[in-house]
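Data first, discussion second: the structure below is written as structure tokens.
The values are calculated or read from the model by the stated rules, or taken from the named source; none is laboratory data. Values in this document were obtained by computation on a predicted structure and should not be read as measured data. Because the Cβ atoms are built from the backbone with ideal geometry, glycine has one as well, and the counts that use them run over all protein chains shown.
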Amino acid sequence: MRHEELRDAARAMSEGRNGLRQLDERSREIFREIVESYLSTGDPVGSRNLSRQLPMTLSPASVRNVMSDLEGLGLIYSPHTSAGRLPTELGLRLFVDGLLEVGGLSETERTQIKAQITGSAEDKIIEDVLTEAGDLLSGLSHCAGVVVAEKQISRLKHIQFVPLDASKALTVLVGEDGEVENRVVDLPQGLPSSALVEASNYLNARIAGRTIPSARAQIEKELQKNKAELDVLTAKVVQAGLATWSGETDDQKKLIVRGRSHLLEDLTALEDLERIRLLFDDFEAKKDLMQLLELTERAEGVRIFIGSENQLFSLSGSSLIVSPFQDSERKVVGVMGVIGPTRLNYARIIPMVDYTAKLVGRLLT
């Protein structure tokens, strides 16, 4: 999301909240019933049905008057002239922020999630655990489970620099679990071939058994204190190797999407099918991964993006509920959650995503 879009979304939410505060109890109840009916059925609801559902006695004519006021505030709209009303994206945002009652997971649900995520985690590489988390979220939500994470191995075993040409080398990282990552680094001009061996030996003497963040922090500290231990060019190779561990490009991000078929359920129009096709294209292109991590690591806990208030993954018409997870250094290394239609079961999915992300974070510490 660009900075202008963030400002526009914040302004819209602020204006909407002000409108919500202006509503009396009767208007709030009618608004709540419209949104909850939409989340349950996806269909517009009319004044006659609303008057029967409300916890207070109101005529259809009185309900219509209130609906007209809500429409004026931009919280609901009519999809057709003779139809009932549906919440707008602003209305959904205001409902989620101000009226949604989010419960916790039951003890049974917590036990089931924990058993599936942590059951045999010690025997799995991190990518398998993340994939299982995506499968779990997809199955429980009946939407697509999404995980974006920095490519990483659990604990380092060995590193080697392999020359590609005079200006580039391949950094080969091997983990204790057998996971291997290859990353290309730029070499300083005039580097002798012996410097790659020296840099590999220097790192291997310090990284065994450490996580990437831990090894990086330790070596950077040593380089600052003992620069004389390595010559200038070899030190540059070590620093270049460290830079590739920071996960600062989309190529060093891993995207896992599970349960895509759920997104094809309940499509009612050709434009819905086109929207999902564009979403699938973005998945394949791994589009906007950096943005997703940046947006989530700025805040604690679950983040909710509704419809066109953001441009992640061409999400107009979809909602995204995500939560970050951290490594042993308390650094955000990924985000996981659910993508689905705007009429998600927010109250159920929010605690589910939050708990699963925290579990995965514990496995990385």
### Query
Pick from Ala215, Ala169, Ala205: which is in contact with a helix residue (DSSP H, G or I) (Cβ under 7 Å, 6 or more places away or on another chain) and modelled with pLDDT of 80 or more?
Ala169
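When residues of the stretch 329-363 are filtered for being aliphatic (A, V, I, L, M) and surrounded by fewer than 21 Cβ atoms within 10 Å (Cβ to Cβ), how many remain?
The first filter runs over the stretch 329-363 and keeps only residues aliphatic (A, V, I, L, M), leaving 332-333, 335-336, 338-339, 344, 347, 349-350, 352-353, 357, 359-360, 363.
Pick out the ones that are also surrounded by fewer than 21 Cβ atoms within 10 Å (Cβ to Cβ) and you get 332, 347, 359, 363.
Residues flagged as aliphatic (A, V, I, L, M) and surrounded by fewer than 21 Cβ atoms within 10 Å (Cβ to Cβ) within the stretch 329-363 amount to 4.
Taking the criterion of being buried (at least 19 other Cβ atoms within 10 Å of the Cβ), of a type in the set (S, T, N, Q) and at pLDDT 65 or above, would at least one residue in the stretch 260-274 satisfy it? Working first, answer last.
Start the filter on the stretch 260-274 by keeping residues that are buried (at least 19 other Cβ atoms within 10 Å of the Cβ), which leaves 262-263.
Filter again for of a type in the set (S, T, N, Q), leaving none.
Checking the stretch 260-274: not a single residue is buried (at least 19 other Cβ atoms within 10 Å of the Cβ), of a type in the set (S, T, N, Q) and at pLDDT 65 or above.
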### Task
Report yes if Ala121 is modelled with pLDDT under 85 and surrounded by 15 or more Cβ atoms within 10 Å (Cβ to Cβ), otherwise no.
yes
### Query
Taking interchain pairs and intrachain pairs at least six residues apart, which have beta carbon atoms under 6 angstrom, with the first residue in the stretch 50-74 and more than 19 Å from Phe95 (Cβ to Cβ) and the second outside any helix (DSSP H, G or I)?
Ser51/Leu58
### Query
Is the stretch 71-93 home to any residue that is surrounded by fewer than 18 Cβ atoms within 10 Å (Cβ to Cβ), closer than 20 Å to Ser40 by Cα and in the same structural domain as Leu292 (by TED's automatic domain parsing)?
no
### Task
Look at Gly19 and say whether it is closer than 29 Å to Pro351 by Cβ, outside the structural domain of Met352 (by TED's automatic domain parsing) and modelled with pLDDT under 85.
yes
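One residue is enough: does the stretch 142-153 have a residue meeting the conditions farther than 30 Å from Ser318 by Cβ and either of a type in the set (Phe, Trp, Tyr) or touching a residue at least 40 places away in the same chain (Cβ under 8 Å) (or both)? Please lay out each step first, then the result.
Of the stretch 142-153, the ones farther than 30 Å from Ser318 by Cβ are 153.
Next, only the ones that are either of a type in the set (Phe, Trp, Tyr) or touching a residue at least 40 places away in the same chain (Cβ under 8 Å) (or both) stay: 153.
Yes, the conditions are met somewhere in the stretch 142-153.
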## Note on the structure
Note on the stretch 238-259: residues at pLDDT below 75, among the hydrophobic types (A, V, I, L, M, F, W, C) and closer than 16 Å to Arg206 by Cα are Leu242, Trp245
### Query
Is there any pair linking a residue in the stretch 183-207 that is over 18 Å from Ser167 (Cβ atoms) to one that is surrounded by 12 or more Cβ atoms within 10 Å (Cβ to Cβ) and hydroxyl-bearing (Ser, Thr, Tyr), with Cβ under 7 Å and at least six apart or on different chains, and which?
Glu198/Thr234
### Query
If you scan the stretch 94-118, which residues turn out to be over 22 Å from Leu344 (Cα atoms), among the hydrophobic types (A, V, I, L, M, F, W, C) and either exposed (fewer than 14 other Cβ atoms within 10 Å of the Cβ) or at pLDDT 90 or above (or both)?
Ala115
